[in-house]
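*Asks:* Below is the structure I would like to discuss, written out as structure tokens.
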């Protein structure tokens, strides 16, 4: 008994020490900080009115042994069919909230009952969930390739992140690749998906107020990439973020985050600019001190690459990253420079486009 108590006390002390290290690293806001373990893709963080940061993302099935370097792709995918969530007051200690949503609670479980019945549950997939605080309750969007190629746009009944969930658009949501939501200054909510379609939602959220339009950067690279697009409004400008592989070829090189800016939400937008290497499908968000961060995660075909000399290393031979499995937060430098909005990772390992980058940046 004494030995068990000693081990438990030692483990608690180590956890507290590690938490202090993480807190100090976050306070400095100059280097990437690994803040949470667990297999994840597409990590999304939002700061809610209750003072908590809420975190979700693509995850493996809860309660099953995690396959640490599973890519999540193809017939061997371990991606599950639940939206798991956590919350934290300080980005250091994370409280698990279980699985507030699953595909069985989505509109398609009823609308496509035959597909759900005929597809084994290990083949069900829930990808890229996002959580948004919408008029006193939670809104959740995600995409899914199976059992039905579809998306869900779901709302909680009240301020707690739990079911029952309603579906204001019903099956009219259809399939939207990596759907995201954005609230404009006038209170209008927009849905963004693909790379990139955008449309305003009706006041009652039952559908689109206007037909979707295609937006994207000007110039030679007239697409943000191929997925993970979202919108922010910074210093009065609309900022479209998007994700692509550095080489322009699927799963070759590094998975990067880019941006373009405009004075109107539907554009025209600037040329595509570089946010950071290894930051693809990350969430730019502000902490309680109004400092900017971006979430980052492991997305590669091989284990993480050593970061020494990474700025000049050509990674075009395969999908590669320096991110460890789990949730990493990378500080961003966001500022106006002579009227131009600049957004760039502060950590030198993320701030420099590699030699495998197809686009040449100033």
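Derivation of every value follows stated rules applied to the coordinates shown; laboratory data play no part. Quick caveat, the model's predicted, so the values are computed rather than measured. Positions of Cβ are generated from backbone atoms using ideal geometry, with glycine treated the same way; all protein chains shown enter the neighbour counts.
*Asks:* Treating only the Cα positions of the chain as identical point scatterers, give the base-10 log of I(q)/I(0) from the Debye formula at each q in 0.09, 0.14, 0.15 Å⁻¹.
*Replies:* Treating every Cα as an identical point scatterer, log10 I(q)/I(0) equals -0.49, -1.24, -1.43.
*Asks:* Moving to a separate point now. If r is the Cβ-Cβ distance from residue 358 to residue 28 and R0 is 41 Å, what FRET efficiency results, to the nearest 0.05?
*Replies:* Taking R0 as 41 Å, the efficiency between residue 358 and residue 28 is 0.80.
*Asks:* Can you classify segment 89-199 as rounded, prolate or oblate using the Cα gyration tensor, where a ≥ b ≥ c are the square roots of its eigenvalues, rounded means a/c under 1.5, and otherwise it's prolate if a/b beats b/c and oblate if not?
*Replies:* oblate
*Asks:* So what's the back-of-envelope 222 nm ellipticity for the chain, counting only DSSP H runs of four-plus at -39500 (n - 2.57) apiece and dividing by all residues, rounded to 500?
*Replies:* The helix-only estimate for the chain comes to -3500 deg cm²/dmol at 222 nm.
*Asks:* Output the antiparallel fraction of DSSP beta bridges having both residues in the chain, as a percent to the nearest 5.
*Replies:* Around 95 percent of the beta bridges assigned by DSSP in the chain are antiparallel ones.
*Asks:* Arrange the peptides 178-188, 317-327, 259-269 so that the one whose residues have, on average, the most other Cβ atoms within 10 Å appears first.
*Replies:* 317-327, 259-269, 178-188
*Asks:* Tell me, what is the percent relative contact order of segment 165-260, built from C-alpha pairs under 8 Å that lie six or more residues apart?
*Replies:* 20
*Asks:* Still on this model: What is the Cα radius of gyration of segment 157-217 over 2.2 N^0.38 Å, N being its residue count?
*Replies:* So segment 157-217 has a normalised radius of gyration of 1.20.
*Asks:* Oh, and also: Between residue 209 and residue 66, what is the label-to-label distance in nm when each label sits 7 Å out along the Cα-to-Cβ direction?
*Replies:* The modelled label-to-label distance comes out at 4.1 nm.
*Asks:* Run the numbers on segment 32-351 and let me know its relative contact order in percent, using alpha-carbon pairs under 8 Å that are six or more apart.
*Replies:* 15
*Asks:* Per residue and in Å³, how big is the convex hull formed by the alpha-carbon atoms of segment 235-362?
*Replies:* 113
*Asks:* Highest mean first, what order results for 34-43, 88-97 on Cβ atoms within 10 Å?
*Replies:* The densest-packed peptide leads the list: 34-43, 88-97.
*Asks:* Ranking request for peptides 217-226, 134-143: highest mean number of other beta-carbon atoms within 10 Å first, then the rest in descending order.
*Replies:* 134-143, 217-226
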